[in-house]
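Student: Please find one structure pasted underneath; my questions will follow.
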Amino acid sequence: LQPENKATLVKILTYHVVPGEITAKSIKAGDVKTVEGASVKIQVKKGRVTIGNAKVTKADVKASNGVIHVIDKVLLPPDVKL
């Protein structure tokens, strides 16, 4: 949370956001472009959804600015190394 890391934090947070409102019923497998600019791979197998290497643990949480799908890991954009 140091000021010199602000740009990296913004990249990580915006990598967790996609434009539009995508509900569990409308999720499809494939690459999706994030607000950060890079793409993340969505897989749907046997009713389970993964985004990158994270599993969706709770879907369709309504928020004032869209829909949240809770995942079990932090996703990192391809060009961010921690």
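Student: Could you work out the relative contact order of the chain, using alpha carbon pairs under 8 angstrom and six or more residues apart, expressed as a whole percent?
Tutor: 25
Student: Quick one: GLU36, GLU21, GLU4, fewest Cβ neighbours within 10 Å first, how do they rank?
Tutor: GLU4, GLU21, GLU36
Student: With only Lys, Arg, Asp and Glu charged, each at its Cβ (+1 for the first two, -1 for the last two), find how big the charge dipole of the chain is about the Cα centre; round to the nearest 20 debye.
Tutor: 400
Student: For ASP60, ASP31, which order do you get if you count the other beta carbons within 10 Å of each Cβ and list the fewest first?
Tutor: With the sparsest Cβ surroundings first, the list reads ASP31, ASP60.
Student: Can you show me the helix-derived [θ] at 222 nm for the chain, built from DSSP H runs with n ≥ 4 at -39,500 (n - 2.57) apiece and divided by the number of residues, rounded to the nearest 500.
Tutor: That comes out to -3000 deg cm²/dmol.
Student: Given GLY37, VAL61, LEU9, which one lies farthest toward the positive end of the charge dipole of the chain, if we put +1 on the Cβ of every Lys and Arg and -1 on the Cβ of every Asp and Glu?
Tutor: VAL61
Quick note: the coordinates plus some simple rules give every number you see, no bench work behind them. All of these numbers come straight from a predicted model, not from anything done at the bench. Glycine also receives a Cβ, built like all others from the backbone with ideal geometry; neighbour counts cover every protein chain displayed.
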